[in-house]
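Below: one structure, written as structure tokens.
The values are calculated or read from the model by the stated rules, or taken from the named source; none is laboratory data. Predicted model, so just to flag it, every value in this text is computed and none were measured. Ideal geometry is used to build each Cβ from the backbone, glycine not excepted, and the neighbour counts take in all protein chains shown. In case anyone asks, the SASA skips ligands and DNA or RNA and just uses the protein heavy atoms, side chains included. Shrake-Rupley method; radii C 1.70, N 1.55, O 1.52, S 1.80 Å.
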Amino acid sequence: MTNQLRCRITIKGAVQGVGFRPFVYRLATELSLTGWVNNSAEGVFIEIEGQQEPVELFLQRLETEKPPLALIKSLETAWLEPVGYQEFEIRASVGGAKTAIVLPDISTCSQCLAEIFDPQNRRYLYPFTNCTNCGPRYSIVEALPYDRPHTTMKHFPMCPQCLQEYENPLNRRFHAQPNACPQCGPHLELWNERGEVLSQHHDALLAAAEAIKQGKILAVKGLGGFHLIVDAGNETAVQLLRSRKQRPEKPFALMYPSLAKVKPDCQISEIEEKLLLSPEAPIVLLRRHSHSNIAPNVAPGNPYVGVMLPYTPLHHLLMAELGFPVVATSGNLSDEPICTDETEAISRLQHIADIFLVHNRPIARAVDDSLVRELLNQPQILRRARGYAPLPISLGGDWGTRGRGDGGSVGSVGSVGSVGSVGSNPPHPPHPPHPPTPPHPPILAVGAHLKNTIAIAIDNQIFLSQHIGDLATPQAFQAFQTTIASLSGIYDFQPAAVACDAHPDYISTQYATALGVPTVGVQHHYAHILACMAENHIKPPVLGVAWDGTGYGEDGTIWGGEFILITDNSWQRVAHWRTFRLPGGEKAIKEPRRAALGLLYEIWGEDLFSRKDILPLQAFTPSELEIIKTMLRRNLNTPVTSSAGRLFDAIAAILGIRQTGSFEGQAAMELEFVSCPKSLVPCPLQMTKDKGQMTKLDWEPLVKTMLTELDQGVPVGAIAARFHHTLAEGICTVARQVGTAQVVLTGGCFQNQYLTVRTVERLREDGFSPYWHQLVPPNDGGICLGQIMAALRE
């Protein structure tokens, strides 16, 4: 036959575990093309032969009709001499360089959901039902290519019926690696606190549901680890869980049986509804109605609740049996990693849970629930884990290419001054203008100490791990090391360099320096800004506003209220908040009253302690105040900070909102929640320069005004609102002085919706292009991305 063509196609991206090969098979067969398709460690390889018109149509439809979960990052073609293929076939997987994208775990699809509730279906009530459109991926994969022998499902040989589905290219379970049924797959058991089996299969689920109804605490082994579950309407059960879990006030997440059950309790926007129903199925922050039936101690003092819907058949079956919302919080003690193994859970959770619903499918790695909220009409990830990890952030040769993470911008920017007009600090040593031309060297980034995540850079892609958590316990550090080994193992990754936080005492930094490869220490806030730039695909010059609780400063102080100018060749701290001292050091993180006294001491010195109208003073005993006075006078354990996070804490204490807390950021959150704007007029904010011409935002006039208003009886909500507006105005003032059109907002303080929205509005009004995080968290969960970008700039 004349005019025959042969085309070799290499596709990279999220194309394994999504039904891509059967889609290719069906498309080639429909167009009467011959050849083959297979998986490789790099992605998917295809060869097709046929007439020119159907071959070109195949290439066109390959992209436009791909499976809904597939993500094509690159598609390369090569035209070869025909070899005379007689049919189209799906070939066995091959190895190669391991660069294929491992898909995150995917929530149950509508077809599988219908099957588990269909009494005539062989998977009726089966809690491990899945297909190529849904089910576990990242939590079960052990190596590439993504084939059953490389997953934890290798322990479950398929029965003849499942094998027939698995081998049929026209079946939606073709090469669905977790494919199983009640005859050959994993099963449930109910255990008591000693690990003794009480019941099995669906009877175990029914007994577990009954235990929840009786007010007991149930530990459930799910997709990426254990949940601790109680009735969300039972205040006594919720309080018992708080007591046993040692989590006095931090909000719990909720799981509802259905979207219809959520609506009476919470406000839901169109974007929030889409997030709840998405394949990622994250926890979504929703504002609850005042008449909600949820126990008040689920999220005390918080107008929002974190809500998710069932995302596995196990959860769907359990929630259908209950019919009411439950608390579904991570299966761990506070500050420890989530449990993944049932034997481990008995050991670690036996003093928390009354009963255990477990299964025998091994979990390859812990994957917690993701947390997302709507911000400025777009989703923003606050904790990146299930459903999102380990999808990579792709790097182009040009940072100027706008990507999915576009934080929004205004059109043109008018003349707003000249770059560098704020200060004349000497810039850091020069760097190449852009990251080097691909392929980039393999780099490991070990993240920060809090909300830790790690990342690996392979060629053009940065793979971010799931949320690990605070590295405050030996168990957490072990989870950190396991995550590095696990993600590296999937890709046979060996780093040529490792990037870490500049803080020498962080355990992650010490781990990095012990690896024996070149180490790049990266200043904390510089990394924050580069992460946001990378996510939004923007190139210098950029003014980065990095506000958070703490970060090791190059001058030995605690930074956290930073304005940093990023240029092609350097970065430069151009402004920051006026510093103050924190009596007691780390104690101030959970005692806002300490931050308040450190702040007020800068204004009044020891005269502060003779004042009777200062609320934080009233929160201490006289003997405690004497100790703090001595600490401040003698500069004993009173580190200096420019932290915006600690400024929020201090103001919350001064206004009497919160003097002590049980988790970091609690006071700042409550300061945001009480804000009730009556006027958009900001308070005075003084700008000064130090001897090195560094601009400082002086909070003293602001604090004095707030104290006067408090004394005059102005509502605390109005004062708190003006505080937020003043901070937004301060950002605009510095931006005008620096004169750079692009302004990045990053760091934990920009989890504050009120602050972020007001700042973006004001920046746009002044003609700037503001950017913020969407795909990676603004908190320290995004630091690892910025660390890799900093290493690439070295």
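Of all DSSP bridge pairs formed entirely within the chain, close to 75 percent run antiparallel. Within segment 104-375, the proportion of Cα pairs with more than 32 Å between them is 21 percent. With θ set to phi - 60° and the Karplus curve 6.51 cos²θ - 1.76 cosθ + 1.60, what are the ³J(HN,Hα) couplings of segment 175-191 in order, to the nearest whole Hz, using x for Gly and Pro? Running phi through 6.51 cos²θ - 1.76 cosθ + 1.60 with θ = phi - 60° gives 6, 6, 4, x, 3, 6, 8, x, 7, 10, x, x, 9, 8, 9, 9, 10 Hz.
When the square roots of the Cα gyration tensor eigenvalues are ordered a ≥ b ≥ c, the ratio a/c for segment 614-716 is 1.5 or more and a/b does not exceed b/c, which makes its shape oblate.
Extension gain for residue 704-residue 32 works out to 234.0 nm (0.36 nm per residue, less the C-alpha to C-alpha distance). Rounded if a/c is under 1.5, else prolate if a/b beats b/c, else oblate: with a ≥ b ≥ c from the C-alpha gyration tensor eigenvalues square-rooted, which is segment 4-90? Taking the square roots of the gyration eigenvalues as a ≥ b ≥ c, segment 4-90 is prolate. Mean residue ellipticity at 222 nm, helices only, the chain: -9000 deg cm²/dmol; runs of at least 4 DSSP H residues each add -39,500 (n - 2.57), and the sum is divided by the number of residues. Taking only protein heavy atoms and a 1.4 Å probe, the accessible area of the chain is 51% carbon and sulfur.
Here is the list for segment 588-653: trypsin sites (Lys or Arg not before Pro) lying in DSSP coil, each with at most 14 other C-beta atoms within 10 angstrom of its C-beta, are 611, 612. Residues whose amide H comes within less than 5 Å of that of residue 307, counting only those at least five positions distant or on another chain, are 254, 284, 285, 286 (H built at 1.01 Å from N in the peptide plane). About its Cα centre, the dipole of segment 104-375 is roughly 160 debye, where the only charges are +1 on Lys and Arg Cβ and -1 on Asp and Glu Cβ. Here is the list for segment 1-69: GluC sites (Glu not before Pro) lying in DSSP coil, each with at most 14 other C-beta atoms within 10 angstrom of its C-beta, are 65. Give me the percent relative contact order of the chain, please, defined on Cα pairs under 8 angstrom at least 6 residues apart. 12 percent. Please say if segment 228-362 is rounded, prolate or oblate, where rounded means a/c under 1.5 for a ≥ b ≥ c the square roots of the C-alpha gyration tensor eigenvalues, and otherwise the choice is prolate for a/b larger than b/c and oblate otherwise? It comes out oblate by the Cα gyration axes. Extension gain, residue 89 to residue 246: 0.36 nm times the residue separation minus the Cα-Cα distance gives 50.9 nm. How much FRET efficiency would the formula 1/(1 + (r/R0)^6) give for residue 472 and residue 736, where r is the Cβ-Cβ distance and R0 is 56 Å, rounded to 0.05? Rounded to the nearest 0.05, the efficiency is 0.90.
What trypsin sites (Lys or Arg not before Pro) in segment 67-133 are in a loop by DSSP, with at most 15 other Cβ atoms within 10 Å of the Cβ? In loop regions of segment 67-133 (DSSP not H, G, I, E or B), the sparsely surrounded trypsin sites (Lys or Arg not before Pro) are 91, 122.
Spatially, segment 545-580 and segment 704-722 are offset by 29 Å when compared through their Cα centroids.
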